[in-house]
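Here's the structure, in structure tokens; my notes come after.
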Amino acid sequence: MVDAARVEPVGALEVACDESGYEGEKLVGGVTDVFAHASVCISEADAAACVAELRRRIRSPATMYKATHLLRSKHRAVLLWLLGDDGPLLGNARVFLVDKTYFLADALVTWLGARPELTRFLYDASRRTAEAEAFLIAANDFLRITLRDEQPVVSPLDPLLPAIVRAVEYWGAGGRPVAVAHDRQTTLSPERVRTLRAANFAGLEQVDSFTDSRVQVADFLAGVARKIASDQLKGSDDAEVSALLRPYVDPASIWIDNASWSRLTGSPWQQPKYGGIVE
């Protein structure tokens, strides 16, 4: 089924996207602390070959392979192949990371009109004390209810559309229009897609990850990146895998923790600059 916002411009570069750790507007107190959005620019034939190779190497009877298969210790060599020089993704994929606690703290401070320095204070406090964490959980619930009353087309608590904007910005940096094939999400309504204001955005089509190998490959990368980034936030460093992930991590990711960012990217943290949306 083609989305109403889909456009078919001549010469558009099509990238396939999927995410991991998405819980809508629930940013804290949920299942995941990191949101990862992966975009890949490979052909369907190459993606199908990648999935087939993963099946050959992993040999699981599962109908649908997920990142969890790659993250099992017995399949470490397969993960290293996928991310490494001999795999199909290097130079053809990108992953945008969001520390969901930081994303919430920033959204809350912006909504309150408070001084930006409060964002760092709230973030650091929530990681040190249960009371501060409970405050952010309550603030998250409050904002979700308040924003429903205000009825914005795109919620400032939803990291998905900013992630798509960033993918279009990255792949369209040379001026070529970019069309997105994305795994189906109920939040990607035609009205919300039309609010995207990224240079060279050519449209979006929602596809079934079960039948689109490109989206399956994006799912692998997103799931792996989310787990690695989440472990790094907790201080658990897998240096070998983190080093292989570095070429894929978008420097414009929404992050603030310097220690984990340095391990993920090999560079000190800088204030992130990510694409915006227009309601």
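The values are calculated or read from the model by the stated rules, or taken from the named source; none is laboratory data. All values derive from a computational prediction rather than experimental measurement. Cβ placement follows ideal geometry from the backbone for every residue including glycine, while neighbour counts extend to all protein chains displayed.
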Which numbered condition in (1) surrounded by 16 or more Cβ atoms within 10 Å (Cβ to Cβ); (2) under 30 Å from Val15 (Cα atoms) is the only one that Phe135 fails? (2)
Residue under evaluation Glu53, criteria (1) more than 19 Å from Ile228 (Cα to Cα); (2) in a helix (DSSP H, G or I); (3) touching a helix residue (DSSP H, G or I) at 6+ places or on another chain (Cβ under 6 Å), criterion not met: (3)
Kindly establish whether Asp85 is assigned to a loop (DSSP other than H, G, I, E, B) and without any contact (Cβ under 8 Å) to a residue 24 or more places away in the chain. yes
Here's a check for you: in the range 184-218, which residue that is at pLDDT 95 or above and under 13 Å from His37 (Cβ atoms) is surrounded by the most Cβ atoms within 10 Å (Cβ to Cβ)? Ala218
For the structure I just gave you, tell me whether Gln232 is touching a Leu at 6+ places or on another chain (Cβ under 7 Å), surrounded by 15 or more Cβ atoms within 10 Å (Cβ to Cβ) and not in a helix (DSSP H, G or I). no
Scan the range 56-75 for residues that are in a helix (DSSP H, G or I) and in contact (Cβ under 8 Å) with a residue 24 or more places away in the chain and jot them down. Arg57, Ala67, Thr68, Leu70, Leu71
It is to be established whether one or more residues within the range 31-46 are of a type in the set (Ser, Thr, Tyr) and in a helix (DSSP H, G or I). no
I'd like the residue in the range 244-279 that is part of a loop (DSSP other than H, G, I, E, B) and among the hydroxyl-bearing types (Ser, Thr, Tyr) and, out of all such residues, is modelled with the lowest pLDDT. Tyr274
Subset of the range 92-126 (residues that are surrounded by fewer than 17 Cβ atoms within 10 Å (Cβ to Cβ) and in contact (Cβ under 8 Å) with a residue 40 or more places away in the chain): Thr110, Trp111, Arg120
